[in-house]
Amino acid sequence: QVQPVESGGGLVQPGGSLRLSCAASGSIFSINAVSWYRQAPGNQRDLVARITKAGITNVADSVKGRFTISRDNAKNTVYLQMNSLKPEDTAVYLCKIDTLFGGYWGQGTQVTVSS
């Protein structure tokens, strides 16, 4: 079993930046990929970015050029760097870890972009 713990959310003005962290504990060896999703009130949960065990990354078209996913293997942590934030980026951001044994969701962290 793997436990993801997100951090780094908050309130930021339009055009600002935030870096989210997803720290993993447990059966780290079993991790295949780590993804960031977001969900705004009344909306479905959408994939924002993903990084595989091999280091291959994918970023949604809606955030391409503004968001970057990366990882620090020594810290068992995946980061989502978010730049040029827009009000429409406001959502709960959730980390999902896909492993050999299934997928595990974190509790989420709120990101609010507002002036």
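The figures follow:
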quantity	calculated
Lys, Arg +1 and Asp, Glu -1 on Cβ, resulting dipole of segment 42-100 about Cα centre, debye, nearest 20	160 debye
Lys, Arg +1 and Asp, Glu -1 on Cβ, resulting dipole of segment 68-115 about Cα centre, debye, nearest 20	100 debye
Inter-probe distance in nm under a simple model that places probes 7 Å from Cα toward Cβ, at Ser27 and Thr68	3.3 nm
Surface share of carbon and sulfur [accessible, 1.4 angstrom probe, percent] for segment 1-94	48 percent
Choice from Asn76, Asn58, Asn43 with maximal GNM fluctuation in the chain (Cα, 10 Å cutoff)	Asn43
FRET efficiency, 1/(1 + (r/R0)^6) with R0 25 Å, evaluated for Ile56 and Leu100 via beta carbons	0.90
Residue among Gln13, Gln44, Gln81 with the largest mean-square fluctuation in a Gaussian network model of the chain, springs linking Cα atoms under 10 Å	Gln44
The chain - convex hull of alpha carbons, volume per residue in Å³	91 Å³
Size of electric dipole in the chain: Cβ of Lys, Arg +1 and of Asp, Glu -1, about Cα centre, debye, nearest 20	160 debye
Probe 1.4 Å, accessible area per residue of the chain, Å²	53 Å²
Nitroxide proxy distance, nm - points 7 Å out along Cα→Cβ at Gln1 and Arg19	3.1 nm
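The values are calculated or read from the model by the stated rules, or taken from the named source; none is laboratory data. In this text the structure is predicted, and so the values were computed from the model without any measurement. Neighbour counts are summed over all protein chains in view; Cβ atoms, including those assigned to glycine, are modelled from backbone coordinates with ideal geometry. SASA here: full protein model, heavy atoms, side chains in, ligands and nucleic acids out. Shrake-Rupley method; radii C 1.70, N 1.55, O 1.52, S 1.80 Å.
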